[in-house]
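This report concerns only the one structure given below.
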Amino acid sequence: MKDPQPSPSGEGGAKRRVRGGHRQPDDRNDSILRVIVRRGSSRIDRALPEWGGEEVIVRYDCATGAWIIIAIHSTRLGPTVGGTRLKSYRTFSDALGDALRLAEGMTNKFAVFGFPRGGAKAVINVPQGFQESQRVPLLHRYARLLRQLGEIFTTGPDVGTSSVDMDIIDAVAPGRAHSRSRSVGGSGSSSPATALGVFKAMGAASEIVFGSESLEGRSVLVQGAGKVGETLLDLLVSDGAPVAFTDIDRHRVAELKKRRFAFVEPDEAYAYPCDVFAPCALGGILNRRTIPRLRCKIVVGAANNQLHRPADADALQKRGIVYVPDFVANAGGAMAITGLEALGWSEAEALDRVRSIGAVTRLVLLYARENAVTPEEAARRIAQDHLSAAPP
Ligand code: NAI
Ligand code: PHE
């Protein structure tokens, strides 16, 4: 069944926050219409009450037909930070669902480390056939929306956006975009810090499972040899790990093969025998279909929302596979960049904080063992403790 869309409305500046809120209409947003989300008109009815977040801002971009969804999950630890994901979703509900889950993931990501920022995420759901020539004007309109929102939300790159897009946003909304290009004074890509954090998390999991933090001799399969995946492969090789990768992008596969990395066909990746499986491509890949096929001892990678459903954490545990929660392993990029750009950290401090992902992973895995819960549950409890301890 086709998913009904909420209705864009230009009438009388009918702006509405989906939950709560008192912001005034702003006429400057010429081509972005405010949206009335009608109860009963879509799966929003089910998605929002179950979500523990604070606010969702929805806009329709007339010029492109894109939907902009900004999910503010929690301001408990500070103003929110979250990537901007730009891609085509099958339905509006899919885009909303992704924004809600990713925003919650950002809250957990910061809270588990006691990092003073809240979680949020922006999704720009562009229609199929979106033209690259529409990108800059769309980002300008999006940036004007960020400017209106004020200090509550700053963004960074995510799937479908890069540092160059952050430069474009920042030109219209100064101070609202992290991870800008180094050539314009930003801190550059978050990917190296993310990859280092995943590497440290992998070392900690290896220590718990195999008794040694070193990955020397431990076979690792990296799923998705993109910006994070390729750096992770390099770190693993320098630690003496035999590595292999899989990817669906022919060009990436050719480039990585040129670098003499062993390639595994995407279909064969889940059943590939290895010590560590490192998902660095997409979310939702740990599910009813894939978990029974895994032949690894540890799963740890950069992709957000790797578990398809919460129950998949139990399924991994039952199979004796140690899963490091994604929001623990992949926090390096967001923490380092936000620390450098918003909290005045030095490069050395940022590096230390990324390396501390190893210690936090150890803590999470030991807590899980001692309390007979999954690592996912352990990390959520630690995050929740930090949230509860913050002044309201
Ligand atoms: P990227 O877009 O550079 O790389 C992703 C790679 O995965 C691409 O080469 C793509 O072809 C490949 N891929 C897509 N679907 C696949 C499949 N079914 N099987 C195998 N390969 C597939 O992205 P990046 O920046 O490396 O990020 C990787 C993941 O980590 C993403 O899910 C992202 O959301 C997440 N992440 C990234 C952070 C960063 O700092 N870059 C921070 C936190 C999370
Ligand atoms: N894509 C990043 C993440 O999921 C978001 C981010 C990058 C936030 C850089 C701030 C700075 O963690």
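The values are calculated or read from the model by the stated rules, or taken from the named source; none is laboratory data. Everything numeric here is computed off the predicted structure, so don't read it as measured data. Positions of Cβ are backbone-derived with ideal geometry, glycine not excepted, and every protein chain shown enters the neighbour counts. The accessibility values were calculated without ligands, DNA or RNA, using every heavy atom of the protein model including side chains. Shrake-Rupley method; radii C 1.70, N 1.55, O 1.52, S 1.80 Å.
In the frame of its principal axes, the chain has Cα extents of 65, 50, 46 Å, reported largest first. Spacing of the modelled spin labels on Glu132 and Leu343, each 7 Å from Cα toward Cβ, amounts to 3.7 nm.
Taking the C-alpha atoms only, the angle from helix 375-389 to the longest principal axis of the chain is near 50 degrees. Its Cα gyration tensor gives segment 262-355 an equivalent ellipsoid; the semi-axes, largest first and in whole Å, are 30, 14, 11. Kirkwood analysis of the Cα pair distances in segment 341-392 returns a hydrodynamic radius of 12.6 Å.
Each residue of segment 153-232 gets 114 Å³ once the volume of the Cα convex hull is shared out per residue.
Based on C-alpha pairs under 8 angstrom that are at least 6 apart in sequence, segment 113-178 has a relative contact order of 32 percent. At a probe size of 1.4 Å, how large is the accessible area of His308, to the nearest 10 Å²? Near enough 100 Å² of accessible area.
Determine the share of the chain's accessible area contributed by carbon and sulfur atoms, expressed in whole percent, with a 1.4 angstrom probe. Don't skip to the end; give the middle numbers.
Values: 8510 of 16880 Å².
Result for the chain: 50 percent of the exposed heavy-atom area is carbon or sulfur.
Each listed q (0.25, 0.35 Å⁻¹) maps to a log10 I(q)/I(0) for segment 289-329, found by the Debye formula over equal Cα scatterers with no solvent: -0.89, -1.44. Placing a label point 7 Å from the Cα of Glu50 along the Cα-to-Cβ direction, the residues of segment 76-114 whose backbone N falls under 12 Å from that point are 97-98, 101. Helix 347-371 sits at what angle to the longest principal axis of the chain, using alpha carbons and giving 0 to 90 degrees rounded to 10? Computed tilt is about 70 degrees. Per the Debye formula on identical point scatterers at the alpha carbon atoms of segment 31-170, with no solvent, log10 I(q)/I(0) at q = 0.09, 0.17, 0.18 Å⁻¹ is -0.25, -0.90, -1.01. Between segment 80-154 and segment 266-321, the alpha-carbon centres lie 26 Å apart.
Go through Lys200/Lys318; Lys87/Lys200; Lys87/Lys227; Lys258/Lys297; Lys87/Lys121 and tell me which ones have a Cα-Cα distance over 21 Å in this structure. Listed pairs above 21 Å: Lys200/Lys318; Lys87/Lys200; Lys258/Lys297. Calculate log10 I(q)/I(0) of segment 91-188 for q = 0.15 Å⁻¹, where I(q) comes from the Debye formula with a single equal point scatterer on each Cα and nothing for solvent. Values, matching the q order: -0.66.
Positive contributions from Lys and Arg (+1) and negative ones from Asp and Glu (-1), summed over other residues with Cβ under 14 Å from the Cβ of Asp314, come out at +2. Compared with the dominant principal axis of the Cα atoms in the chain, helix 227-238 is inclined by about 20°. Over the chain, Cα pairs under 8 Å with separation of 6+ residues give a relative contact order of 14 percent.
The residues packed around Val184, meaning those with a beta-carbon under 11 Å from its beta-carbon, carry a net charge of 0 if Lys and Arg are +1 and Asp and Glu are -1.
Please list Lys87, Lys200 in order of solvent-accessible area, largest first, computed with a 1.4 Å probe with all protein chains present. Please report the intermediate quantities before stating the final value.
Numbers: Lys87 75, Lys200 45 Å².
From most accessible down to least: Lys87, Lys200.
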